1. Given the rule -39500 (n - 2.57) for each run of at least 4 DSSP H residues, summed and divided by the residues of the chain, what is its mean residue ellipticity at 222 nm, to the nearest 500 deg cm²/dmol?
2. Hey, got the dipole for segment 5-80? About the Cα centre, +1 on K and R Cβ, -1 on D and E Cβ, debye to the nearest 20?
3. Probe of 1.4 angstrom, ligands and nucleic acids ignored: what's the accessible area per residue over the chain, in square angstrom?
4. For the chain, give me the percentage of DSSP beta bridges that are antiparallel, rounded to the nearest 5 percent.
5. What share of all Cα pairs of segment 90-159, in percent, falls into each consecutive 10 Å distance bin?
6. For VAL41 and ARG130, FRET efficiency with R0 = 30 Å and r from the beta-carbon atoms, rounded to 0.05?
7. Roughly how big is segment 59-115's charge dipole about its Cα centre, with Cβ charges of +1 (Lys, Arg) and -1 (Asp, Glu), in debye to the nearest 20?
8. Assigning unit charges at the beta carbon (Lys, Arg +1; Asp, Glu -1) and nothing else, what dipole magnitude in debye, to the nearest 20, does the chain show about its Cα centre?
Amino acid sequence: MATTVPVRLVVNGRAVVVEVEPRRLLVDVLREDLDLTGTKVGCDTSQCGTCTVHLDGRAVKSCTVLAVQADGSVVRTVEDLAPDPDHLHPLQAAFVEHHGLQCGFCTPGMLMTALDLLARVPDPSDGEIRDALQGNYCRCTGYQSIVESIKAGAAAMREGVPMPGAEA
Ligand code: FES
Ligand code: FES
């Protein structure tokens, strides 16, 4: 039988202990053990960015992290963005309003990467947004609408005012 070790995490504000084999990736533990399937696996080889979550406050590709490496860390996933089931986070609302998604597969990673940028740069330029997104692939939108969504979401977050469409 495979050996497991306890990994202690705070995930979306909740303390959890999961027993995992040391070879398992953080993204798989989030999706399979904690049922947080908003985080996607697009490549498993650290290229696409769909698996991006926040680890101790910074965006990381969770397919590049072993779950045991995250022991003792704070993890935030896309499930933690909306304040309640009836409302979206302003950045999510901006993606809806400005057509920042089509199939939506890349969107959780885009949101988490963008929020990492906006925490450091609340009013980013187009170039700063594009630089931040260079590890996140989208096969649908052509990126321009994602950049527009992030600019609109950033403005709404700075103003602290719910955007039109913020109702889920
Ligand atoms: S699944 Fe992690 S970068 Fe693609
Ligand atoms: S919306 Fe489909 S991959 Fe980005």
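1. Numbers: 4 runs with 45 residues, N = 168.
Taken over the chain, the calculation gives -8000 deg cm²/dmol.
2. On the way: 9 positive and 11 negative charges, 47 e Å.
The calculated dipole for segment 5-80 is roughly 220 debye.
3. Values: 8450 Å² over 168 residues.
Accessible surface, normalised per residue, equals 50 Å².
4. Numbers: 16 of 19 bridges.
Given both bridge residues lie in the chain, the antiparallel proportion sits at roughly 85 percent.
5. 23, 63, 13, 0
6. Working: r = 24 Å, r/R0 = 0.80.
Here the calculated transfer efficiency is 0.80.
7. Numbers: 2 positive and 6 negative charges, 57 e Å.
So the magnitude is around 280 debye.
8. On the way: 14 positive and 22 negative charges, 80 e Å.
In debye, rounded to 20, the chain gives about 380.
The values are calculated or read from the model by the stated rules, or taken from the named source; none is laboratory data. Small disclaimer: the values here were computed from a predicted structure and weren't measured. Don't worry about glycine lacking a Cβ; one is built from the backbone with ideal geometry, like all the others, and counts go over all protein chains shown. When the accessible area is computed, the model is the full protein with side chains, heavy atoms only, and any ligands, DNA or RNA have been set aside. Shrake-Rupley method; radii C 1.70, N 1.55, O 1.52, S 1.80 Å.
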